Amino acid sequence: MKYLKVEREEDIVQITISRQDKLNALSLDVMDEFISLLDVLEKDSSRVIIITGEGPKAFSAGADIEYMSNIGPTDAEKYALRGHEVLNKIEKLEKPIIAAVNGYALGGGCELALSCDIRFASPNAQLGQPEVTLGICPGWGGTQRLLRIIGPARAKDLIFSGRKITAEEALSMGLINKIIPSENLLSETRAYAKVLSKNSSFAIGISKMLVNKGTDANLDTGLKLEIYSWAVCFSTKDREERMRKFTEKK
Ligand code: CO8
């Protein structure tokens with residue numbers, strides 16, 4: 001791959017967006033590479049995925065403005081659909097996906113982080129949805145995922161103003177999970193990923209699906225889905241072995 005660096009350490013895969021000269025902007029080529037890679041990761045033995053950006057400055061500065069400045073509605077729709085395909089895959093993939101936000105996460109870059117399950121950020125991170133400053137609305141799920149993560153009033157503030165917020169402010173509004181010093185961001189994220197990788201990947205995958213579905217379902221539907229999903233866990237060897245180990249220890 002040209003724009004995505006992929007490193008594997010045991011069950012953990014780290015994807016680094018590698019377009020540093022353009023602050024890791026998400027061109028069509030980058031999105032195509034994401035689609036191919038996620039198709040592989042969906043089926044392989046990896047248990048946790050980390051997404052980060054190359055260099056000290058940016059996770060990703062968003063969709064490619066140079067490209068967008070020369071297109072009309074038909075290509076814009078294609079670009080939007082490609083972005084949605086990637087972000088929906090990330091959201092639906094039944095493995096934990098962690099964004100290690102190492103600098104700017106703007107527009108599509110912020111939306112990419114929003115589609116991940118957990119967001120850790122370095123103190124120099126700046127997040128935001130500056131699309132309206134360019135005459136467009138957020139187009140890769142920003143109006144929908146941001147709303148669900150931080151609520152409508154805060155989402156509207158960020159989208160209408162297009163302002164960049166610091167990691168501190170992002171933490172205070174629940175947009176990120178934790179701030180980690182830049183020099184430790186990746187090592188701590190990997191250590192966290194390792195903890196997740198030791199837990200049941202089936203149980204984590206099904207929990208991810210339940211939390212995602214629960215965001216839109218009514219409580220009764222969400223709870224019913226939980227009951228049946230919980231019961232399905234009793235069909236796995238993994239559950240049997242984990243419980244047997246616990247009782248044998250006793
Ligand atoms: N796209 C393309 N190139 C970019 C982008 C971008 N989003 N961001 C930065 N770059 C390039 C710059 O053009 C520059 O390239 P070059 O050296 O060749 O001139 C290089 O990266 C470095 O950038 P700067 O010189 O601007 O670096 P600064 O440190 O001065 O500024 C900023 C950093 C503040 C991050 C600044 O680069 C910036 O404001 N970038 C744009 C951020 C932005 O507005 N992002 C939102 C884009 S819109 C979007 O993401 C929509 C998503 C939904 C799309 C739906 C599809 C239709």
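For the chain, find the longest principal axis of its Cα atoms and tell me its angle to the long axis of helix 219-233, 0 to 90°, nearest 10.
The angle comes out near 50 degrees.
Any chance you could list P(r) for segment 33-153, counting all Cα-Cα pairs in 10 angstrom bins from zero, rounded to whole %?
Pair shares across the bins are 13, 44, 35, 8, 0.
Compute log10 of I(q)/I(0) for segment 1-94 with the Debye formula, placing one identical point scatterer on every Cα and leaving out solvent, at q = 0.12 Å⁻¹, to two decimals.
Debye curve over Cα of segment 1-94, log10 I(q)/I(0) at q = 0.12 Å⁻¹: -0.39.
Tell me the angle of helix 73-92 to the major Cα principal axis of the chain, expressed in degrees between 0 and 90 and rounded to the nearest ten.
20 degrees
Quick one: putting +1 on the C-beta of Lys and Arg, -1 on the C-beta of Asp and Glu, what dipole do you get for the chain around its Cα centre, in Debye to the nearest 20? Please report the intermediate quantities before stating the final value.
Details: 34 positive and 34 negative charges, 176 e Å.
Roughly 840 debye, rounded to the nearest 20.
By per-residue mean of other Cβ atoms within 10 Å, what is the highest-first order of 18-29, 143-154, 112-123?
On the way: 18-29: 18.7, 143-154: 15.5, 112-123: 23.4.
Answer by packing, highest mean first, reads 112-123, 18-29, 143-154.
In segment 93-229, how does Rg compare with the Kirkwood Rh, expressed as the Rg/Rh ratio over alpha carbon atoms? Numbers along the way, then the final one.
On the way: Rg = 15.9 Å, Rh = 15.9 Å.
Across segment 93-229, the Cα-based Rg/Rh ratio is 1.00.
Considering only Cα-Cα distances, which of the following residue pairs are longer than 26 Å: LYS92/LYS198; LYS198/LYS237; LYS224/LYS249? Let's see the in-between values first.
Values: LYS92/LYS198 21 Å; LYS198/LYS237 15 Å; LYS224/LYS249 33 Å.
From the list (LYS92/LYS198; LYS198/LYS237; LYS224/LYS249), the Cα-Cα distance tops 26 Å for LYS224/LYS249.
Taking the Cα-to-Cβ direction at ASP216 and at LEU134 and moving 7 Å from each Cα, how far apart do the two end points lie in nm?
Once both label points are built, they end up 2.6 nm from each other.
For THR52, THR133, THR166, THR16, what ranking results if the residue with the fewest other Cβ atoms within 10 Å of its Cβ goes first?
Neighbour counts put them in this order, fewest first: THR133, THR166, THR16, THR52.
Testing the spin-label approximation: label points 7 Å from Cα along Cα→Cβ at PHE202 and GLU85. State their distance in nm.
The answer from the label model is 3.2 nm.
Ranked from highest to lowest mean number of other Cβ atoms within 10 Å per residue, what is the order of the peptides 219-226, 167-174?
Details: 219-226: 12.4, 167-174: 16.8.
Output ranking for 219-226, 167-174: 167-174, 219-226.
Using θ = phi - 60° and the Karplus curve 6.51 cos²θ - 1.76 cosθ + 1.60, what whole-Hz ³J(HN,Hα) does each residue of segment 176-182 get, with Gly and Pro shown as x?
Each residue's phi maps through the Karplus curve to give 10, 8, 6, 9, 10, x, 3 Hz.
Would you mind computing the Rg to Rh ratio of segment 201-249 from its alpha-carbon coordinates, Kirkwood style for Rh?
Details: Rg = 12.9 Å, Rh = 11.8 Å.
With Rh from the inverse mean 1/r over Cα pairs, Rg/Rh is 1.10.
Remind me, relative contact order of segment 113-250 in percent, using alpha carbon pairs under 8 angstrom and six or more residues apart?
Values: 114 pairs, mean separation 34.2, N = 138.
Dividing the mean separation by the residue count of segment 113-250 yields 25 percent.
Rg/Rh for segment 131-177: what does it come to with C-alpha atoms and Rh from Kirkwood?
Details: Rg = 10.4 Å, Rh = 10.9 Å.
Taking Rh as the inverse mean 1/r over Cα pairs, Rg/Rh reads 0.95.
If every alpha-carbon in the chain counts as one equal scatterer, what log10 I(q)/I(0) does Debye give at q = 0.08, 0.16, 0.17 1/Å?
Each listed q maps to, in turn, -0.32, -1.21, -1.34.
Just so you know, all these numbers are worked out from the coordinates, no wet-lab data involved. Computed from a predicted model, the values in this text were never measured in an experiment. Glycine also receives a Cβ, built like all others from the backbone with ideal geometry; neighbour counts cover every protein chain displayed.
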